[in-house]
1. Please list, ordered by residue number, the strands (runs of 3 or more DSSP E) wholly in the range 157-204 having 1 or more residues that are in contact with a Cys (Cβ under 6 Å, 6 or more places away or on another chain) and under 16 Å from Leu96 (Cα atoms).
2. With the requirement that a residue be in contact with a Lys or Arg (Cβ under 9 Å, 6 or more places away or on another chain) and either surrounded by 18 or more Cβ atoms within 10 Å (Cβ to Cβ) or at positive phi (or both), what does the range 134-160 give you?
3. Condition test on Glu119, is it within 23 Å of Phe47 (Cβ to Cβ), modelled with pLDDT of 90 or more, of a type outside the set (Lys, Arg) and in the same structural domain as Ala26 (by TED's automatic domain parsing)?
4. When the residues of the range 101-160 are filtered to those that are closer than 20 Å to Ala88 by Cα and among the polar types (S, T, N, Q), which remaining residue is nearest to the chain's Cα centre (by Cα)?
5. For a quick check of your reading: which helices (runs of 4 or more DSSP H) sit entirely within the range 47-139 and have at least 1 residues that are in contact (Cβ under 8 Å) with a residue 40 or more places away in the chain, hydrophobic (A, V, I, L, M, F, W, C) and under 28 Å from Ala204 (Cβ atoms)?
6. Taking the range 6-47, which residues are farther than 30 Å from Leu130 by Cβ and among the basic types (Lys, Arg)?
7. Hey, any hits in the range 173-193 for a residue that's modelled with pLDDT under 95, out of contact with any helix residue (DSSP H, G or I) (no Cβ under 9 Å at 6 or more places or on another chain) and over 26 Å from Val53 (Cβ atoms)?
Amino acid sequence: MAVIGLGAAVFDLDGTLIDTEPRNRAMWSRLFDAHGVPYDDALIASFAGRRGVEVLGDLAHLFPARPVEELFAEVVAYGALPEMPPIAPVGGAVELVRSLADAGVPLAVVTSAERRYAEGLLDDLGVRGLLDIVVTAGDVGTGKPHPEGYLAAARGLDVPPEEAVGFEDAPAGVAAVKSAGMTCVGVSTTQPVAALAGADHVVADLKGVDVVPGPALRVRGPARRAGRTLDN
């Protein structure tokens, strides 16, 4: 267990605050199936934490003569199908955000999702009004693992990055948080713990984090440096 001080808290959205991973995997799988493109779990996992348009750009050779923007619009449309898996808050997420807001901690979300989608999920969670800033895919030139989004959040909150704590569930997001100079709490909701080895702390869900006076966070999980577990 560790207690870490913080001047701000910055959260990823998908997989960190809300468990959308089963639905997202189903949407991407359906896109590949619709175009007859072979895929495996590793290919689907490559979308985790990144802007969908950027990943599709990397995979454009698999979809000859199909514009990336058209493919992305197609996969987004699949999300509205009734057979898609349901979504639910990550354990402890709403409670943690509310506790941080009550403690007066500046709060932001940095997501690889589009704004309309992100704002809708945050409204569904009932926490949009508690957040000072929401940085979405359209607000940055380069997505995760680049730190641009997290650095923009720190500037917007007027908090030095080294005083902020970022929460992420995917390797690309962990890399973005650390490159921004923030302390990182990895949330192993969608990835094995080993995939989050770059994080400073890893928890199973956000029930493993609570607010203590200071303000600070009590993290009930292993601290990690360079892939090694440290005692706290």
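The values are calculated or read from the model by the stated rules, or taken from the named source; none is laboratory data. Everything numeric in this text was worked out from a predicted model, so none of it was measured. FYI the Cβ positions are ideal-geometry reconstructions off the backbone, even for glycines, and counts take in every protein chain you see.
1. Answer list for the range 157-204: 164-168.
2. Matches in the range 134-160: Val134, Thr136, Ala137, Val140, Gly143, Lys144, Pro145, Pro147, Tyr150.
3. It is false that Glu119 is within 23 Å of Phe47 (Cβ to Cβ), modelled with pLDDT of 90 or more, of a type outside the set (Lys, Arg) and in the same structural domain as Ala26 (by TED's automatic domain parsing).
4. Thr111
5. Answer list for the range 47-139: 93-102, 115-125.
6. Arg30
7. Within the range 173-193, one or more residues are modelled with pLDDT under 95, out of contact with any helix residue (DSSP H, G or I) (no Cβ under 9 Å at 6 or more places or on another chain) and over 26 Å from Val53 (Cβ atoms).
One line per residue, one yes/no per condition, for (1) within 29 Å of Leu217 (Cβ to Cβ); (2) of a type in the set (S, T, N, Q); (3) in the same structural domain as Asp205 (by TED's automatic domain parsing):
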{"residue": "Asp12", "(1), (2), (3)": "yes, no, yes"}
{"residue": "Ser29", "(1), (2), (3)": "no, yes, no"}
{"residue": "Leu43", "(1), (2), (3)": "no, no, no"}
{"residue": "Glu54", "(1), (2), (3)": "no, no, no"}
{"residue": "Ala65", "(1), (2), (3)": "no, no, no"}
{"residue": "Leu71", "(1), (2), (3)": "no, no, no"}
